[in-house]
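Here's the structure we're looking at; comments come further down.
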RNA sequence: GGGCCCGUAGCUCAAUUGGCAGAGCAGCGGACUUUUAAUCCGAAGGUCGUGGGUUCGAUCCCCACCGGGCCCA
């Protein structure tokens, strides 16, 4: 914690630690700020009677030169001032859009006109006046009053090119948002996606619960966790890598339809589809199996696409994607067999399977069994080529330690992943509810970890205890929310859909 | 972890492959009573990411570091 800076007294000059006085672009603004403080100061509130969007809705399509007789007050950030002698035009942006300010010396008194001339691009202002259209027909507020609400001390990004640099846009997201309409749209679309997902689940009788982020053991997924330290308890703790095992405890407790939209943390590399913290939706429904969940996901994805992107068909990276159900369904083993030209055989000698993998450019690690190799072959040979939404069904049990064994094939699990545009967007199981089988699966994970698999699950004895009290048959689901937003906004980089992505500190 | 690339004015970008660093926008001064990225005139604005090295001379070549991007594992 930093020491609080003492408030400057009347006889104590403001500290210019930021160096604002040292640069001509900021020094002028700083001088105006100090003059404002020395004079009237800044108001604590402003009574706005209309937003930009309301004005456009109320007065759309007026003839040029109309005087509506309606007086309003508006507020927002000032952009793009054009001065023409005794006329000034400015664009006021508020949270709903923009409205033109029309400043006419014959209407506004000289002092207020001069104060408007002193404004800088980026200042927050309140203004009052009559709603009119100009000779060119632009809806405007012809102002008769002006209040400076807050001074912008720094110059804003280029009014035409905006802020382009991905790094700067991420570090100073406020500048990105105020300069780039696309960024505002993306942020708002993300909010709509999350809201719509929540609405869809609640409409189906699901209830959202909050499960712990800070854990003594990170389980429920295949990933490395972040470690932190609890001082009073004198022990290491971990940030969650999934919400799965806690939500299933709720099902054991009798909550039949549960979900959570929550932040997940995985201690992995950062690239165009991975951020260390991201948002996942998980849901669990008692008495359902993975095929029930599949049909629900088709409906929900279509509904979310329509709500957030305006239709079930979206454009991503120059190609169309159709979210209208039903989606293709393929078994993973069938696709891998087609890609390798050999049927998948879980009874084949492991050395033969390893050789097959190598012949397709996949180097198996020592601890990989048949199932892991099948999954690796799928990832290497098949996944990238999938474009339209496709359910990949029935993964090997070996790579699905929390999924129930397939009712027809003990080597496979009742599990699917939804692939779109070469990436995974959802993951669902008929949940493993047999505590004895679950214990064996955990023990296999422990063995894999001992053999060098750092992402293998630790054994969660407390979760097994819950299962031993009985969990009904349950269909579970995980959806990567960030990636879904990428699809629906056409953004190729996860950093575009996370407002404040993880970055190294600036030098 | 490996390879490749980028960092130049507040913003968007050039150029120089060793010899005083350029434009548009923004900002500043001026003109203009209907602009829409207003227009026109003028004058400014630079630690060329940081630190070392080579050189008479480095934004440019070399090394290290910082930040970012892309590809691969």
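None of the figures in this text is laboratory data; all of them are computed from the coordinates on show. Everything numeric in this text was worked out from a predicted model, so none of it was measured. Using ideal geometry, Cβ is built from the backbone for each residue, glycine included, and neighbour counts are taken over all protein chains shown.
Below is a table of values for the structure above.
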quantity	calculated
For peptides A:190-199, A:487-496, A:81-90, sequence by mean Cβ density within 10 Å, most packed first	A:487-496, A:190-199, A:81-90
With Cα atoms, 0 to 90° folded angle of helix A:181-203 axis to chain A main axis	50 degrees
Quarter of the Cα convex hull surface for segment A:61-118, i.e. its orientation-mean projected area (nm²)	4.8 nm²
Protection proxy ranking of A:374-382, A:125-133, A:51-59, A:159-167 - average other beta-carbon atoms within 10 Å, highest first	A:125-133, A:374-382, A:51-59, A:159-167
Centroid-to-centroid separation of segment A:398-421 and segment A:36-77 [C-alpha atoms, Å]	59 Å
Mean separation of Cα contacts under 8 Å, 6 or more apart, over the residue count of chain A: relative contact order %	12 percent
Tensor-based shape of segment A:247-299 (alpha-carbon gyration tensor, a/c under 1.5 rounded, otherwise prolate or oblate)	oblate
For segment A:90-204: span of alpha carbons on each principal axis (Å, largest first)	60, 35, 27
When chain A is reduced to its Cα atoms, the Kirkwood hydrodynamic radius in Å	27.0 Å
Helix-derived mean residue ellipticity, 222 nm - over chain A, DSSP H n ≥ 4, -39500 (n - 2.57), to 500	-9500 deg cm²/dmol
Over segment A:400-498: Kirkwood hydrodynamic radius from C-alpha pairwise inverse distances, Å	15.5 Å
Relative packing of A:286-294, A:408-416, which averages over residues the other C-beta atoms within 10 Å, highest first	A:408-416, A:286-294
Helix A:350-359 vs. chain A, principal-axis angle (Cα, 0 to 90°, nearest 10)	40 degrees
Value of Rg/Rh across segment A:306-415 [Cα atoms, Kirkwood radius]	1.06
Gain upon complete extension [residue A:71, residue A:255; 0.36 nm per residue less C-alpha separation]	60.7 nm
Likely footprinting exposure, A:28, A:257, fewest C-beta neighbours within 10 Å first	A:28, A:257
Cα-derived Rg to Rh of segment A:350-459, Kirkwood definition	0.97
Stokes-Einstein translational diffusion, segment A:20-156 - Kirkwood Rh over all Cα pairs, 1.002 mPa s, 20 °C, in µm²/s	140 µm²/s
Likely footprinting exposure, A:235, A:296, fewest C-beta neighbours within 10 Å first	A:235, A:296
Gyration tensor (Cα) of segment A:225-333, equivalent ellipsoid semi-axes in angstrom	32, 22, 13
Separation of alpha-carbon centers, segment A:151-214 and segment A:251-306, rounded to whole Å	20 Å
Helix A:435-450 axis, angle to chain A major axis (alpha carbon atoms, nearest 10°)	80 degrees
Simple label model, 7 Å out from Cα along Cβ direction - residue A:121 to residue A:230, nm	5.3 nm
